[in-house]
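Please treat every number below as a calculation from the coordinates, not as lab data. Note that the structure is predicted; figures quoted are calculated from it, not measured. Glycine gets a Cβ as well: all are built from the backbone with ideal geometry, and neighbour counts include every protein chain shown.
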Amino acid sequence: MPRKRYETPEDIAKQKEVMAFMSDCWGDKVVLLPRSYQIDCAGIDDVTGEIDWYGEIKCRTHTSTKYEDLIISLLKFERGRTLIYAAGDRMPPEFYIIVKFEDKTMIHRYEPKHNYKVTHGGRTWQTRDPDDIEPIVHIPMAMFREIVRPLETP
């Protein structure tokens with residue numbers, strides 16, 4: 001039996017706000033991917049139509065300094081890794097974890113050489129169902145960078 005979907009229309013609206021912010025900041029066309037991709041979005045080059053990057057968007061209800069790391073489902077993390085290597089020998093697209101915190105929006109670029117910590121845990125507070133407890137990847141907050149909108153010139 002498929003897992004119940006907890007994503008609400010409000011969650012999708014928040015993701016679309018982040019996508020619009022990314023488009024404004026980077027100049028890429030950002031598209032929402034079908035659910036079957038298990039990753040939220042992709043940045044598309046306006047000229048070539050090629051995918052420059054894949055992104056998993058997280059919207060958090062706390063500040064960026066509350067925790068020492070961000071956790072993400074190992075399944076989502078692996079899906080992002082798989083998609084970037086589907087390009088074969090050409091320059092692969094990037095995989096980003098994009099997080100909208102209460103105080104700022106931050107980004108982490110997947111680093112193949114980094115030894116990511118994997119534990120068994122997940123949503124242990126306000127667990128919705130048994131599938132909320134799963135293998136997770138810990139990404140240190142020190143590996144995130146703030147995304148800022150470019151200054152407009154007069």
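Neighbours of ILE72, meaning other residues whose beta-carbon lies under 9 angstrom from its beta-carbon, give a summed charge of +1 when Lys and Arg score +1 and Asp and Glu score -1. When the inverse distances between all different Cα atoms of the range 1-70 are averaged and flipped, the Kirkwood radius reads 13.7 angstrom. Other residues lying with their Cβ under 10 Å from the Cβ of ILE44 contribute a combined charge of -4, Lys and Arg counting +1, Asp and Glu -1. Near GLU102, once Lys and Arg are set to +1 and Asp and Glu to -1 for all other residues with Cβ below 10 Å from its Cβ, the sum equals +3. Cross-link reach is defined here as a Cα-Cα straight distance under 27 Å, omitting same-chain residues fewer than 8 places apart; for LYS117 the lysines meeting it are LYS58, LYS66, LYS76, LYS100, LYS104. Spacing of the modelled spin labels on ARG109 and TYR67, each 7 Å from Cα toward Cβ, amounts to 2.4 nm. Quarter the surface of the alpha carbon convex hull of the range 9-144 and you get the mean projected area, 9.0 square nanometres.
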